[in-house]
Amino acid sequence: MTSTESQIITMESIEVPAEALTDEMIIRDILSGNVNAYGSIMRRYNQRIYRLARSIVQNDAAAMDVVQEAHIKAYSKIADFKGTSSFLTWLYSITRNEALMHLRKYKMERGMNVIDIHSLDGEQQSDSPDLHVAHPDNLPEKSVENIQLQQFINGNVDKISENYRVVFILLAIEKLSISEVAMILNIKEATVKTRYFRAKRLIRENILNYLDTVGMNVYEFGGTHCDTVVKNVLAVINDKR
C-alpha cells in the first residue's frame, strides 16, 4: 500500500476509512491497544513534519531519521497528549526537538562546538552544518523540468539562516498561523513576523512568485519514503510491546 492509498482501521469491529477519522478518534483507538492505528497518524502527517525536519537538518536521509525518531517518541508519550493544542502542533514540537538533538549529535561527533538546542528561541542566528544534498532522489512521476525546479527551490531555501528557514517553511509552505509557529518554536509572535519578513527578502522573488501561483511543494516526502517510515516505526513499536 502506498502513502496515497486509503487505510482501513477497525474500530469496535467496524471498518472505517482512516481519512474519515479525527486525530482524537485514532488516538483513542491506539490507547485501546490498536498499535497499527498509529500508521494512519504517520501517513497523515509524515509530509508535514518531514518538511520541518528537513528545514533544520538540511539533509534528506537525516530528516527521514528525525521523522522516524519523532514518531517513536510521540507514540511512547501519546498517553501524555492532553489536547491543549492540536495533535499536529504537539508532533511538530517533538520533531523540532529531535531535529535539534540530531544537529547537536552531528557536531559532537565531528569535534565541533555543541549547538545550543535553544538557539532558535533567541534572535542570534546559528550556523547549521553544511549537509545539503545536491542531487535529491529522482522521483519517477515527475518530469525532468520539475525535478530541476524542485532542486532549485530546495537549494535556495537551504541557503537562508536556520532561524528564517524554519519559520518560512511553517508559515509559507505548511500554512500554519503565526500563533501556532510561535508556540512550536517557543518565540514571540512578533519574532515570527520579523523572521518571516526577512526570510522572504532573502529568497529570490521569482521562487516566491512560483510558490504563490502554482503551490509548488518543497522537501517532498511521499511514496516509498513514507512507506519506509511507517514500516520502521511500527516495527520498533511492536518490538517493544
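The values are calculated or read from the model by the stated rules, or taken from the named source; none is laboratory data. Please read these numbers as outputs of a predicted model, since none were measured by experiment. Positions of Cβ are generated from backbone atoms using ideal geometry, with glycine treated the same way; all protein chains shown enter the neighbour counts.
Structure values in brief
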{"item": "Subset of segment 29-52 that is aliphatic (A, V, I, L, M) and farther than 12 Å from H71 by Cα - its residue that is surrounded by the most Cβ atoms within 10 Å (Cβ to Cβ)", "result": "L52"}
{"item": "The lone exception for K82 - which of (1) touching a residue at least 12 places away in the same chain (Cβ under 8 Å); (2) farther than 22 Å from L103 by Cβ it fails", "result": "(1)"}
{"item": "Test: E189 is over 19 Å from A53 (Cβ atoms), loosely packed, with under 15 Cβ neighbours inside 10 Å, of a type in the set (D, E) and modelled with pLDDT of 85 or more", "result": "yes"}
{"item": "Condition met for F81 (surrounded by fewer than 19 Cβ atoms within 10 Å (Cβ to Cβ) and more than 12 Å from the chain's Cα centre (by Cα))", "result": "yes"}
{"item": "Where a residue in segment 227-238 is of a type outside the set (V, I, T) and its partner, wherever it lies, is modelled with pLDDT under 90 and surrounded by 17 or more Cβ atoms within 10 Å (Cβ to Cβ), with Cβ under 9 Å and at least six apart", "result": "D227/S3"}
{"item": "When residues of segment 141-179 are limited to those that are of a type in the set (D, E, K, R) and either outside any helix (DSSP H, G or I) or touching a Cys at 6+ places or on another chain (Cβ under 6 Å) (or both), the one modelled with the lowest pLDDT", "result": "E141"}
{"item": "Segment 155-175, residues that are surrounded by 22 or more Cβ atoms within 10 Å (Cβ to Cβ), under 18 Å from K188 (Cβ atoms) and hydrophobic (A, V, I, L, M, F, W, C)", "result": "V166, V167, F168, L170"}
